[in-house]
Amino acid sequence: MASATSAFFGSRLAASIPAPTKNGSGHRDVTTCMAKKKGIRVVITLECTEARGEGGTPSRYTTEKNRKNTSERLELLKYNKFLRRKTLHREIK
């Protein structure tokens with residue numbers, strides 16, 4: 001019984017996948033469906049500015065920004081767990 005069901009599903013899968021075609025040069029064309037993740041959004045790191053001046057450990061956050069809308073460096077007030085307060089965090093390279 002198990003072999004009959006696996007043969008059934010196997011034939012369904014084989015029928016649903018299109019076979020690669022040959023182009024004029026004799027090579028088979030295989031198309032892949034991979035999405036391009038390239039462009040405007042970029043991952044950035046935000047680092048605490050006040051902890052460096054005090055000699056403490058700087059906290060870091062990672063986030064994404066839209067390069068098209070915010071071309072300048074990002075500055076946000078974020079929580080620094082080492083200083084236990086909100087501090088100014090700036091984008092670093």
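The values are calculated or read from the model by the stated rules, or taken from the named source; none is laboratory data. Since this is a predicted model, take the numbers as computed values, not measurements. What goes into the accessible areas is simple: the full protein's heavy atoms, side chains included, and nothing from ligands, DNA or RNA. Shrake-Rupley method; radii C 1.70, N 1.55, O 1.52, S 1.80 Å.
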Quiz item: Name the residues in segment 22-50 that are open to solvent by less than 70 Å² (accessible area, probe 1.4 Å), modelled with pLDDT under 90 and either among the β-branched types (Val, Ile, Thr) or within 30 Å of Thr70 (Cα to Cα) (or both), would you?
Solution: Gly39
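Mind checking which residues of segment 64-87 are assigned to a loop (DSSP other than H, G, I, E, B) and open to solvent by less than 70 Å² (accessible area, probe 1.4 Å)?
Filtering segment 64-87 down to residues assigned to a loop (DSSP other than H, G, I, E, B) leaves 67-74, 81-84.
Listed by number, the residues that qualify are Thr70, Leu74, Leu83.
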Self-check item: Candidate set: segment 52-63, residues that are part of a loop (DSSP other than H, G, I, E, B) and on the phi < 0 side of the Ramachandran plot; chosen: the one most open to solvent (accessible area, probe 1.4 Å)
Solution: Thr57
